[in-house]
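Below: the structure, in structure tokens.
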Amino acid sequence: MSPGRRNSSAPTVFAITLGCPKNRVDTEVMLGDLLSHGWELAGEPGRADVLLVNTCGFLKAAREESVDTLREVAREMKPGARLVAAGCMTERFRRELAREVPEAGILVGTRELLSLRDRLEGKRGPVGSFPTAANPRLVSTTERMAYIKVADGCSRRCSFCLIPRLKGRQRSRPAADIVEESANLAATGTRELVLVAQDLVHYGTDLPERPSLASLVRSISGQVPQLRWIRLMYLFPRDLSDELLDCVADCDNVLPYLDIPVQHADDRVLAAMRRGTTRKSLETLVERVRAKVPGCVLRTTYMVGFPGETDIAFDNLLSFAEQARFEMAGVFEFSAEPGSMAAGLPEQVPAHVRAERSRALQSLLDRIASKTRGDMEGEVHEAVIEATDPTMGRFWFQAPEVDGAVRLDGRGADVDVGEFIRARIIGARDIDFLGTAES
Ligand code: SF4
């Protein structure tokens with residue numbers, strides 16, 4: 001995040017966010033609070049009075065990256081500067097982190113987001129309070145796209161997942177507060193709003209009046225018409241209501257793009273994952289979504305190598321992936337996370353088998369994706385421009401940071417970043433599409 005004209009006496013901060021879009025929003029809230037109280041952004045770590053690393057603790061690899069990043073910026077700190085380790089790793093692995101990176105003098109957990117400024121001033125600050133629309137936010141995404149966190153934490157108990165321990169039970173924001181923040185973001189130029197939570201489908205189930213996700217989305221869609229694209233990420237494949245699918249089908253500015261992480265499709269593995277889904281329920285869900293939302297694009301995430309995943313179980317996953325044909329998909333290898341129930345399960349799958357299965361599934365998904373992209377050639381769709389030299393953008397069915405981009409030929413000069421255009425698909429290269437702008 002680059003600084004404006006500097007007021008030399010203002011304290012400065014340099015921030016790095018690791019992990020998911022929900023973590024990015026948390027950093028934006030922490031920076032928004034500091035900048036609205038006279039702080040400024042430093043252009044590089046070595047110039048900052050405070051260095052903030054918002055860590056990720058979801059997987060072992062993410063925690064290693066968090067420690068490496070903290071050590072790296074610690075090496076660049078100017079004398080007297082302070083290092084803050086915030087986020088999920090801090091929340092759950094505070095002692096390990098303090099041991100591994102003693103330079104991190106201030107540790108801010110996921111429930112202490114709004115206490116950072118007070119902590120920097122040597123005070124305790126609020127703990128457990130949840131950011132609202134009233135909290136200033138330094139949006140760090142492109143000028144037309146912003147994430148909005150509608151809830152935090154998760155009340156499900158998937159056996160491989162640490163998030164309920166990192167973030168606690170689900171806490172939803174009041175719908176009116178989310179609509180207000182959506183309007184604030186639209187007023188500053190946001191046209192693509194991406195709703196995120198650990199478990200979006202369960203939005204509102206912890207609130208007294210239990211507003212549904214569908215009612216929330218309809219409110220945003222109706223009350224903030226400037227929003228051109230409303231996108232829903234992280235929809236648990238259970239409890240996905242017809243009400244929500246009707247809302248997606250009815251509302252013009254709600255994208256028929258749904259991210260539904262299924263993780264696996266073998267009944268025995270799904271049971272051990274404690275997902276509460278079966279292959280049959282997942283097949284029915286995909287059919288229902290495609291029937292209720294014609295032309296929708298579906299994204300999913302698969303996990304391979306879960307304890308007890310036999311060759312037959314893996315074949316079941318492959319055949320499901322072949323059958324369901326999600327347009328966008330990612331693959332993860334199981335990671336035995338300390339403190340997760342699955343880490344203690346028997347029949348752990350050896351690392352080389354996990355890697356083999358990940359490659360096998362990825363090559364199947366690549367084949368499906370290449371066929372899907374081939375079938376879309378010649379189609380014209382709406383895209384948003386995100387760069388102009390060369391001209392790059394994203395079609396409506398490409399979520400930010402995960403689904404690639406579209407490379408547009410020919411019209412570099414006369415389109416602006418943030419502009420929405422119609423573009424024709426003329427090919428694909430790896431995860432990206434090739435397109436030409438339609439006049
Ligand atoms: S729903 Fe998602 S965040 Fe919640 S426990 Fe399961 S995997 Fe973790």
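Hey, what do the phi angles of segment 173-186 turn into as Karplus ³J(HN,Hα) couplings, whole Hz, using 6.51/-1.76/1.60 and θ = phi - 60°, x for Gly and Pro?
7, x, 4, 4, 5, 5, 5, 4, 5, 4, 5, 4, 5, 4
To make sure I understand the rule: partners must be lysines, Cα under 29 Å from the Cα of Lys292, and not fewer than 8 residues away in the same chain. Which ones qualify?
Counting by Cα, and skipping residues close in sequence, Lys292 has these lysines nearby: Lys22, Lys149, Lys280, Lys371.
Please state the relative contact order of the chain as a whole percent: Cα pairs under 8 Å, 6+ residues apart?
9 percent
Once the chain is represented by equal point scatterers at the alpha-carbon sites, with solvent omitted, what log10 I(q)/I(0) does the Debye formula produce at q = 0.12, 0.13 Å⁻¹?
For the chain, the Cα-only Debye profile gives -1.13, -1.31.
Which order do Met341, Met328 take by accessible area at a 1.4 Å probe, largest first? Mind showing how you got there, number by number?
Working: Met341 90, Met328 10 Å².
In descending accessible area the options line up as Met341, Met328.
Loop only by DSSP, 14 or fewer other Cβ within 10 Å of the Cβ. Give me the trypsin sites (Lys or Arg not before Pro) in segment 28-129 that pass, ordered by residue number. Write down the numbers at each step before the final one.
Values: sites: Arg47, Lys60, Arg63, Arg71, Arg75, Arg82, Arg92, Arg94, Arg95, Arg99, Arg111, Arg117, Arg119, Lys123, Arg124; in loops: Arg111, Lys123, Arg124.
Those that pass, being in a loop and sparsely packed, are Lys123, Arg124.
When only the heavy atoms of the protein chains count and the probe is 1.4 Å, how do Asp389, Asp366 rank by accessible area, highest first?
Asp389, Asp366
Roughly what would the spin-label model give for Ala355 and Ala387, points 7 Å off Cα along C-beta, in nm?
3.1 nm
If I take all pairs of Cα atoms in segment 380-437, what percentage of them are more than 14 Å from each other?
For segment 380-437, the fraction of Cα-Cα distances above 14 Å is 42 percent.
Enter the accessible area of Glu72 (Å², nearest 10), with the probe set to 1.4 Å and all protein chains included.
Approximately 100 Å² for this residue.
So who's got an amide H within less than 5 Å of the one on Gly330, skipping anything under 5 residues away but keeping other chains? H placed 1.01 Å off N, in plane.
Thr300, Thr301, Tyr302
Cα atoms only: what Rg and Dmax, in Å, come out for segment 43-197?
Final numbers for Rg and Dmax: 16.7, 45 Å.
DSSP loop (so not H, G, I, E, B), at most 16 other Cβ within 10 Å: list which GluC sites (Glu not before Pro) in segment 151-258 pass both filters.
Passing both the DSSP loop test and the Cβ count: Glu209.
When DSSP beta bridges are limited to those with both residues in the chain, what percentage is antiparallel, rounded to the nearest 5?
DSSP beta bridges in the chain are roughly 35 percent antiparallel.
Find the Cα radius of gyration of segment 145-375, compare it with 2.2 N^0.38 Å by division, and give the number to two decimals.
Against the empirical 2.2 N^0.38 Å value, I get 1.05 for segment 145-375.
Using the Kirkwood radius built from alpha carbon pairs, what does the Stokes-Einstein equation give as D for segment 100-151 at 37 °C and 0.692 mPa s, in µm² per second? Provide the component values of the computation, followed by the final result.
Numbers: Rh = 13.2 Å.
D = 249 µm²/s.
Which value at 222 nm does the chain reach when only helices count, each DSSP H run of 4 or more adding -39,500 (n - 2.57), with the total divided by all residues and rounded to the nearest 500 deg cm²/dmol? Spell out each step's value before the answer.
Working: 13 runs with 148 residues, N = 439.
When only DSSP H runs of four or more count, the value is -10500 deg cm²/dmol.
Report, for segment 145-375, the % of DSSP beta bridges that are antiparallel, rounded to 5.
If we restrict to bridges inside segment 145-375, about 10 percent are antiparallel.
So what's the net charge close to Val380: Lys and Arg +1, Asp and Glu -1, counting the other residues with Cβ under 9 Å from its Cβ?
Here the charged neighbours net out to -1.
Between Arg47 and Ala10, what length in nm is gained on full extension when 0.36 nm per residue of separation is reduced by their alpha carbon distance? Could the numbers behind the result be given before it?
Working: separation 37, 0.36 × 37 = 13.32 nm, distance 1.22 nm.
Net length gain for the segment: 12.1 nm.
Modelled label-to-label distance, Ser363 and Thr284, 7 Å Cα→beta-carbon offset: nm?
So the two model labels end up 3.6 nm from each other.
What full-extension length gain, to one decimal in nm, is calculated for Glu347 and Arg94 as 0.36 nm per residue of separation minus the Cα-Cα distance?
Result: 88.0 nm gained on full extension.
Pull up all non-local amide H partners of Thr391: gap of 5 or more, or a different chain, and H-to-H distance under 5 Å with H placed in the peptide plane.
Leu408
Using only alpha carbon pairs under 8 Å that are at least six residues apart, calculate the relative contact order of segment 380-437 and give it in whole percent.
That works out to 38 percent.
Computed over the Cα atoms, what is the radius of gyration of segment 12-120 divided by 2.2 N^0.38 Å, N being its residue count?
Taking the Cα Rg and dividing by 2.2 N^0.38 Å, one obtains 0.95.
Run the numbers for Ser219 and Thr310: contour at 0.36 nm per residue of separation, minus the present Cα-Cα distance, in nm.
Working: separation 91, 0.36 × 91 = 32.76 nm, distance 4.58 nm.
Between Ser219 and Thr310, full extension yields an extra 28.2 nm.
The values are calculated or read from the model by the stated rules, or taken from the named source; none is laboratory data. Since we're looking at a predicted model, the values are computed, not measured. Note that each Cβ is placed from the backbone with ideal geometry, even for glycine, and that neighbours are counted across all protein chains shown. All accessible areas refer to the heavy atoms of the entire protein, side chains included, with ligands and DNA or RNA removed. Shrake-Rupley method; radii C 1.70, N 1.55, O 1.52, S 1.80 Å.
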